[in-house]
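None of the figures in this text is laboratory data; all of them are computed from the coordinates on show. Keep in mind that this is a model prediction, so the values were computed, not measured. Note that we place each Cβ from the backbone using ideal geometry, even for glycine, and neighbour counts take in every protein chain shown.
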Amino acid sequence: MKKTSVQLKQERKGKEDKMRSLLYNDKGETRDLSPDQEKEFDTLESEIRSLDTQIESAEKREKMEARLAKDKAKNDGLNPESREIEKNYSITRHLGFAAEKRGADGFEQEMEQEAEKEFREAGVSVEGRGILIPRSVLNSRAFGTKQRFKRDMTAGTGTQGGFTVETEVQGLIPALREQNVLMAEGAGVMEGLQGNVDMPRENAVAAFTRKGETGDADETSPSFTNVELRPKRLTGFIDVSNQLLRQSSISVQARVEDQIAKGVATKLDIEGFQGTGSNDQPTGIITDSGVVVVAIGANGGALTYAGILKMEQELADVYGDMAPVFITTNKGRRKLKNTALDAGSGIFLWDRKDNSVEGYPAMATSHLPNNLAKGTGTGLSAAILGSINAQTLTYAMWGGLEIIVNPYTKGKAGITEFIVNSYSDFAVLQPNAFVVVKDFDTAIS
């Protein structure tokens, strides 16, 4: 199997470190090299030049593979079910049926029947509820690649929606919305759940010892803890003008989809990172008591190269899976891009060429907090090094979305209120798969 550019860069860095150790003593002073050291230095230099060629070739190959994958995704589009939903289902039309107090028909009726089935399977009564939207619609709208418009709109005001009324709108400028990370990186999703879910987790593994020829064996048994998943209500509401529901073509569809589906998805991502575990919130990665925390200082401090290596070591000691990703805040990324590995090397903690930290894929998100406090330190950021997959993290879903139609509260203003409810939870299945820092001072002097 060919090595990736990240693996090759790690190998190159190791050789650079060896060259640096040959050139400098412990005090950072240059020293004369012996003939053997000169030979070793020349060999390392030659190997680095070879690695540079391999890295360039690997990066070209990876860019081509990424482009081909992107083109394939563009050509293939969504999976067959999602493609049918994108083509035939309209949230706006579905809401319009409810606003006019008549039953849905066509594809919207099929989707509502599918949603009723999901809710019944989850043990939730569908009698007396509002519009029901299945998980397949949420998956298609919230986690697809298409960006959609976001803001409250009315038909009468151009900047708020009037531009979309029968004036041949060819396209929309998408709202800026932070990219969701955890599901995109492979966190698991458990769907079609019924009732509460408990998952036993091994808390300690069996340990063995050597004994003499006739010595008694010591008892050793793995222990278990319990991961609890419980339906927690996520709710909010949006307002849509009645006139716009009847007049608009693509605008309200785009806006409502973005507000509902992507709003839910964004909240799920934020809670996966920093849910408090109280006030009906799930427990996120940085608040899970089982996740190892690497402390920088009594009042926080800069995340140095030594600190990153400490995170790496802690992860290896307790988990051993060294294929993690590094995630921090946008301020944290700026700080690491501005922090040199050492004097004179021209290397920074955040590699600007391939967005990696210590060779691990790196990303930044506003869904991690940058307003933490410790001692006298304020405005501190979080950072995570860990493996995101279905074995380490999971979302739990009970049914799809419920939308309650309220045309009365703001009826005088010609506005219908749509109240959204969904039921979900999140759990860190393997806390040992993550190491976090919660006192990263990102100030740049």
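Subtracting the Cα-Cα distance from 0.36 nm times the residue separation, let me have the gained length for N196 to S345 in nm, one decimal. Write down the numbers at each step before the final one.
Details: separation 149, 0.36 × 149 = 53.64 nm, distance 5.47 nm.
Taking 0.36 nm per residue and subtracting the Cα distance, the gain is 48.2 nm.
Residues in the range 355-397, backbone N under 16 Å from the label point at T276 (7 Å along the Cα-to-beta-carbon vector): list them, ranges by number please.
369-373
Given charges of +1 on the Cβ of Lys and Arg and -1 on the Cβ of Asp and Glu, with all other atoms neutral, how large is the dipole of the range 280-427 about its Cα centre, in debye to the nearest 20? Don't skip to the answer; put the middle values down first.
Working: 11 positive and 13 negative charges, 161 e Å.
Dipole about the Cα centre, nearest 20: 780 debye.
Provide R135, R49, R334 in ascending order of the number of other Cβ atoms located within 10 Å of each residue's Cβ, fewest first. Each step should come with its number before you reach the end.
Numbers: R135 20, R49 10, R334 15.
Result, fewest neighbours first: R49, R334, R135.
Applying 1/(1 + (r/R0)^6) with R0 = 30 Å to the Cβ-Cβ distance of A184 and F237, what FRET efficiency is obtained, to the nearest 0.05? Mind showing how you got there, number by number?
Working: r = 27 Å, r/R0 = 0.90.
Once rounded, the FRET efficiency stands at 0.65.
Order the peptides 364-376, 417-429, 391-403 from the highest to the lowest mean number of other Cβ atoms within 10 Å of their residues.
On the way: 364-376: 16.8, 417-429: 21.2, 391-403: 23.0.
So the peptides 364-376, 417-429, 391-403, ranked by packing, come out 391-403, 417-429, 364-376.
FRET efficiency for K2 and K412, Cβ-Cβ distance as r, R0 = 51 Å, nearest 0.05?
Details: r = 67 Å, r/R0 = 1.32.
Here the calculated transfer efficiency is 0.15.
Would you mind counting up the charge near S345? Only other residues with Cβ under 11 Å from its Cβ, with Lys and Arg at +1 and Asp and Glu at -1. Please report the intermediate quantities before stating the final value.
Values: positive: K13, R20; negative: E16, D17, D342.
Net of charged neighbours comes to -1.
Between A306 and S50, what length comes free when the chain is fully extended (0.36 nm per residue of separation minus the Cα-Cα distance, one decimal in nm)? Before the final figure, lay out the partial values.
On the way: separation 256, 0.36 × 256 = 92.16 nm, distance 2.83 nm.
So the extension gain works out to 89.3 nm.
Going by how many other beta carbons lie within 10 Å of each one, how would you line up V256, V293, fewest first? All intermediate terms of the calculation are to be shown ahead of the outcome.
Values: V256 26, V293 14.
Listing V256, V293 from fewest to most nearby Cβ atoms yields V293, V256.
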